[in-house]
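We did not get these values from a lab; they are worked out from the coordinates using the rules stated. Remember, predicted model here, so these are calculated numbers, not experimental data. As a convention, Cβ positions derive from the backbone with ideal geometry for all residues, glycine included, and neighbour counts pool all protein chains shown.
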Amino acid sequence: SSDLVLTRLAQGMTNKEIAQTLFLSVRTVEAHLHNVYGKLNVASRTEAVLWAVQHGLEP
């Protein structure tokens, strides 16, 4: 589900929009993003989106 969150992040969705589309709470989305940032070794939303685009996760 972190992959789903990252994909939607790359689509430009806000945390609230991601939460609504995945039927999660905003806090859960924030937790997933925190985990994603750690796994990707990035410090920001922008860096995570850049990584996703470079690795073909943006649909």
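R0 = 25 Å: FRET efficiency of Val53 with Thr28, Cβ-based, nearest 0.05?
0.55
Give me the one-decimal nm value for the distance between modelled label points at Arg45 and Gln20, 7 Å along each residue's Cα-to-Cβ direction.
1.5
Across all directions of projection, what mean area in square nanometres is found for the Cα convex hull of the stretch 2-54?
For the Cα atoms of the stretch 2-54, the hull's average projected area reads 3.0 nm².
Per DSSP helix of 4 or more residues, -39500 (n - 2.57); summed, then divided by the residues of the chain. What does that give at 222 nm, rounded to the nearest 500?
Taking each H run of at least 4 residues, the total per residue is -21000 deg cm²/dmol.
Order 39-47, 3-11, 19-27 from most to least packed using the mean count of other Cβ atoms within 10 Å.
Ranking the peptides 39-47, 3-11, 19-27 by packing returns 3-11, 19-27, 39-47.
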